[in-house]
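Working notes for the structure below.
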Amino acid sequence: MKTFIYFVLLIISISYANEQKTAVEQDNARVSIYLHPFSTYVSIRSIPYGEAMLYLTAEVPFSLSNSLIIRPSLFNSKDVRRDIFRLGSDIGFRHHLFRNGEGLYLQGQIGIFYYKHNIYVYDDQLGFEDFFHFYKAPRKTLWLDVMGYVGYSLKFSRVSIFTDIGIGKVMGMSVKNGHLWPDMNLAIGIPF
């Protein structure tokens, strides 16, 4: 009889462990939309100064190893010296090294943005009567970037978190050879 009871308890514990593993895998395979709290905080604090920023990340898992990453962003800033507008999105691929949908990952992404930058310049070639005359020096371009990241993610039933650090190259019509661009992210998301 004791052997039978041990056998039943063993089957129950194995079933419970399998159920827990299945629940974790289901949590890790859900689509998540992330907010970036630092950029959101800066954006809210900057509203009175004529700035706006929106930075989101969407993670769409293909499997527990690989996910599609979509990262739309908007930046708009106006003050007495400059006027900057940037709108676009990155799209990338995230690979979880331990193949469980969370933990250490590598990510590559490509972005394309419309970028407009007006700088207000003082014209000192004008006469004394136009001493306070300023004009706009506009620059419109496409901003292209190629980025690589290493990061870590945690996923729970109601919240997902990731942080990563990356570096890449920014290119555009106004940047001849491109330049290196560092990036760091911390994001908190809601799985659906």
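Do you know which residues across the range 97-113 are surrounded by fewer than 16 Cβ atoms within 10 Å (Cβ to Cβ), in contact with a Leu (Cβ under 6 Å, 6 or more places away or on another chain) and of a type outside the set (D, E, K, R)?
Leu97, Asn100, Leu104, Ile112
Which of the residues belonging to the range 105-143 are over 19 Å from the mean Cα position of the chain (by Cα), hydroxyl-bearing (Ser, Thr, Tyr) and modelled with pLDDT of 70 or more?
Thr141
Restricting the search to the range 168-192, which residues are surrounded by fewer than 13 Cβ atoms within 10 Å (Cβ to Cβ) and modelled with pLDDT of 85 or more?
Filtering the range 168-192 for residues surrounded by fewer than 13 Cβ atoms within 10 Å (Cβ to Cβ) gives 173-174, 176-177, 179-180, 182, 184, 192.
Residues satisfying the conditions are Leu180, Pro182, Met184, Phe192.
In the same structural domain as Lys140 (by TED's automatic domain parsing) and either buried (at least 17 other Cβ atoms within 10 Å of the Cβ) or modelled with pLDDT of 95 or more (or both): does that describe Arg71? Walk me through it before giving the result.
Details: in the same structural domain as Lys140 (by TED's automatic domain parsing): yes; either buried (at least 17 other Cβ atoms within 10 Å of the Cβ) or modelled with pLDDT of 95 or more (or both): yes.
Spelling it out, Arg71 is indeed in the same structural domain as Lys140 (by TED's automatic domain parsing) and either buried (at least 17 other Cβ atoms within 10 Å of the Cβ) or modelled with pLDDT of 95 or more (or both).
Mind listing whichever residues of the range 74-96 are crowded, with 18+ Cβ neighbours inside 10 Å and touching a Gly at 6+ places or on another chain (Cβ under 7 Å)?
So in the range 74-96, the residues crowded, with 18+ Cβ neighbours inside 10 Å come out as 75, 88, 90, 92, 94, 96.
Residues satisfying the conditions are Gly88, Asp90, Gly92, His96.
Results for (1) modelled with pLDDT under 70; (2) under 29 Å from Pro72 (Cβ atoms); (3) not hydroxyl-bearing (Ser, Thr, Tyr), shown as yes or no for each residue.
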| position | (1), (2), (3) |
| --- | --- |
| Phe4 | yes, no, yes |
| Val8 | yes, no, yes |
| Ile47 | yes, yes, yes |
| Met53 | no, yes, yes |
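Looking only at residues that are within 20 Å of the chain's Cα centre (by Cα) and touching a residue at least 40 places away in the same chain (Cβ under 8 Å) in the range 83-93, which one is farthest from Ser153 (Cα to Cα)?
Within the range 83-93, the match that is farthest from Ser153 (Cα to Cα) is Arg86.
Determine if the range 60-78 includes at least one residue that is more than 22 Å from Phe192 (Cα to Cα) and of a type in the set (Val, Ile, Thr).
Filtering the range 60-78 for residues more than 22 Å from Phe192 (Cα to Cα) gives 74-78.
From the residues that got through so far, the ones that are of a type in the set (Val, Ile, Thr) too are none.
No, there is no match, as no residue in the range 60-78 is more than 22 Å from Phe192 (Cα to Cα) and of a type in the set (Val, Ile, Thr).
The values are calculated or read from the model by the stated rules, or taken from the named source; none is laboratory data. Values in this document were obtained by computation on a predicted structure and should not be read as measured data. Neighbour counts are summed over all protein chains in view; Cβ atoms, including those assigned to glycine, are modelled from backbone coordinates with ideal geometry.
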